[in-house]
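To start, the structure under review is shown below, and the notes come after it.
The values are calculated or read from the model by the stated rules, or taken from the named source; none is laboratory data. Being a predicted model, the structure only gives us computed values, none of them experimental. Ideal geometry is used to build each Cβ from the backbone, glycine not excepted, and the neighbour counts take in all protein chains shown.
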Amino acid sequence: MEISIDQSVQPTCLRLTGTFNIEAVLDAKPRLLAPIDASADGLALDLSQVDDIDTAGLQLLVLAMRHAMAAGKPLRAANISEPVRRLVTLYRLSDHFDTAQPQREAP
């Protein structure tokens, strides 16, 4: 699991790449939450390059959204890959993820 930060766009974009599963979550949690804490005006999550996700990965994404909401910082998850879209749909979390947005190539 790779997490990169693109500050050349507004809002700042966190790009998640690779496998987002139970094995990656423990390491990924602080790397996902720290940019939220450091952000002054919220972030966008680019999930287009997540090629595998399990329930633990989805739980961490929901935790990140709740963490941002509690801090009063918007966190928008969009550009959703098909594996993420399937899990979000299965757990009926589409209201929290921009699943209607067509997948686009990351800038």
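Looking at Ser4, Ser39 in this structure, which one is in contact with a Ser or Thr (Cβ under 8 Å, 6 or more places away or on another chain), over 23 Å from Tyr91 (Cβ atoms) and modelled with pLDDT of 95 or more? Please lay out each step first, then the result.
Numbers: Ser39 fails: modelled with pLDDT of 95 or more.
The unique qualifying residue is Ser4.
Okay, residues lined up against (1) surrounded by fewer than 13 Cβ atoms within 10 Å (Cβ to Cβ); (2) within 19 Å of His96 (Cβ to Cβ); (3) in contact (Cβ under 8 Å) with a residue 60 or more places away in the chain:
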{"residue": "Met1", "(1), (2), (3)": "no, no, no"}
{"residue": "Thr12", "(1), (2), (3)": "no, no, no"}
{"residue": "Leu26", "(1), (2), (3)": "yes, no, no"}
{"residue": "Ile36", "(1), (2), (3)": "no, yes, no"}
{"residue": "Ala40", "(1), (2), (3)": "yes, no, no"}
{"residue": "Met65", "(1), (2), (3)": "no, yes, no"}
{"residue": "Lys73", "(1), (2), (3)": "no, yes, no"}
{"residue": "Ala77", "(1), (2), (3)": "no, yes, no"}
{"residue": "Ser81", "(1), (2), (3)": "no, yes, no"}
